[in-house]
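Okay, so here's the structure we're looking at.
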Amino acid sequence: MVAIQNLSFSYSPKQQLFSQLNLRLEKGHIYGLLGKNGAGKSTLLKNMIGLAFPSSGSCTINSRSVASRPVAVLAEVYFLSEDIFVPALTPLVFAKRTGCFYPNFSLDDFMNYLKLLDIDTNAVMTKMSFGQQKKAMIAFGLATNTNLLIMDEPTNGLDIPSKTQFRKLIASVLTEERCIIISTHQVRDLDSLIDTVVVLHNRQIVVNRPLEDVTNLLAFTNTTDANADKVLYAEENVRGTKAIFKNTASQFSKPDLELLFNAIISNNQPILEILKTANNEQHI
């Protein structure tokens, strides 16, 4: 679906953000794009859809280049930016004026999502709170029914009940023909939603693995027990110690994305090597 090959990007000659970056994303998955603030997550998403342009390399969607932003590609892509700008219109008027640009847009779906997210269809969006504006645009994005749905920090500004409803809606709209990419630095907002984790670090994609693979390779526990010498990474908290081990016993454990992310951005080489080696074996 999305193929990025040898992509390099910089804002200035002295500030290279990506260097020979490669990434492939397929339909039927919900990807969680993780990275530190300033790692370039938003810029990477913009390169994917032709809102930013690499100094070298390419990005294609369904084998079509996005650089010239062809209509056939844009009609199948919806991008929700972290910084949203809404018109002085009600959600219903906005949908009627804008939905026509998306061949599979469903007004019925849109109205249903607005109801589930508790949005007043008669309220002018510029007079809504930021959280309500965000939910209105999330509802519109879901209702476009595009094959590629990209959301940058969609849970920013949402309260806890809205985040819960957001996760339910995203899970409900995934199909075999749809690829959903969600970028966030709020890792816990995604841990029960995504099926594949992508980590951007040090100008490269250092992890692109299904969570099932991650838990086959690594074990996550709340204590180091008697195996302290086998701990790959650990953090102390008020409940004790959270730790990551190499999963040599094929044991099942719930993945702790925040713990894994912290291990990766601390440049934990044993964990990076385990995930990298497995990734190389997968493509032999």
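Those residues that are over 23 Å from PRO103 (Cα atoms) and either hydroxyl-bearing (Ser, Thr, Tyr) or touching a Phe, Trp or Tyr at 6+ places or on another chain (Cβ under 7 Å) (or both), I need them from the stretch 53-78; list them, please.
Within the stretch 53-78, PRO54, SER55, SER56, SER58 meet the criteria.
Taking the residues in the stretch 16-39 that are touching a residue at least 24 places away in the same chain (Cβ under 8 Å) and not in a strand (DSSP E or B) as candidates, determine which candidate is surrounded by the fewest Cβ atoms within 10 Å (Cβ to Cβ).
ASN37
Show the residue pairs that are 6+ apart or on different chains and have beta-carbon atoms under 7 Å apart, the first residue being within the stretch 148-162 and closer than 11 Å to GLY32 by Cα, the second being assigned to a loop (DSSP other than H, G, I, E, B) and among the polar types (S, T, N, Q).
ASP152/SER81
Out of all the residues in the stretch 216-253, which are modelled with pLDDT under 80 and of a type outside the set (Gly, Ala, Ser)?
If the condition is that a residue be modelled with pLDDT under 80 and of a type outside the set (Gly, Ala, Ser), then THR223, THR224, ASP225, ASN227, ASP229, ASN237, VAL238, ARG239 are the ones that fit.
Those residues that are more than 11 Å from HIS29 (Cβ to Cβ) and either of a type in the set (D, E, K, R) or touching a Leu at 6+ places or on another chain (Cβ under 8 Å) (or both), I need them from the stretch 198-212; list them, please.
Those that are more than 11 Å from HIS29 (Cβ to Cβ) and either of a type in the set (D, E, K, R) or touching a Leu at 6+ places or on another chain (Cβ under 8 Å) (or both): VAL199, LEU200, ARG203, GLN204, ILE205, VAL206, VAL207, ARG209, GLU212.
Would you be able to tell me the number of residues in the stretch 108-122 that are over 16 Å from LYS96 (Cβ atoms) and either of a type in the set (Phe, Trp, Tyr) or crowded, with 20+ Cβ neighbours inside 10 Å (or both)?
So the answer is 1.
Need the failing condition index for ILE49 against (1) within 15 Å of THR196 (Cα to Cα); (2) surrounded by fewer than 21 Cβ atoms within 10 Å (Cβ to Cβ); (3) over 13 Å from the mean Cα position of the chain (by Cα), just the number.
That leaves (1) as the condition not met.
Could you look through the stretch 47-74, keep only residues that are assigned to a loop (DSSP other than H, G, I, E, B) and in contact with a helix residue (DSSP H, G or I) (Cβ under 7 Å, 6 or more places away or on another chain), and pick out the one that is farthest from ARG24 (Cα to Cα)?
ALA52
May I ask you to list pairs of residues, at least six apart or on different chains, whose Cβ atoms are under 9 Å apart, with the first in the stretch 57-78 being closer than 23 Å to ALA139 by Cβ and free of Cβ contacts under 8 Å to residues at least 12 places away in the same chain and the second being part of a strand (DSSP E or B) and charged (D, E, K, R)?
No pair meets every condition.
Can you list the helices (runs of 4 or more DSSP H) found entirely within the stretch 92-174 that contain at least 3 residues being of a type outside the set (Lys, Arg) and within 18 Å of the chain's Cα centre (by Cα)?
Qualifying helices (runs of 4 or more DSSP H): 130-143, 160-173.
Could you tell me which of the residues ILE160, ILE244, ILE205 is closer than 30 Å to LYS134 by Cα, surrounded by 13 or more Cβ atoms within 10 Å (Cβ to Cβ) and not aromatic (Phe, Trp, Tyr)?
After ruling out the rest, the residue left standing is ILE205.
The values are calculated or read from the model by the stated rules, or taken from the named source; none is laboratory data. The structure presented is a predicted model; accordingly, all values stated were derived computationally and were not measured. No Cβ is skipped: glycine too gets one built from the backbone with ideal geometry, and neighbour counts run over all protein chains shown.
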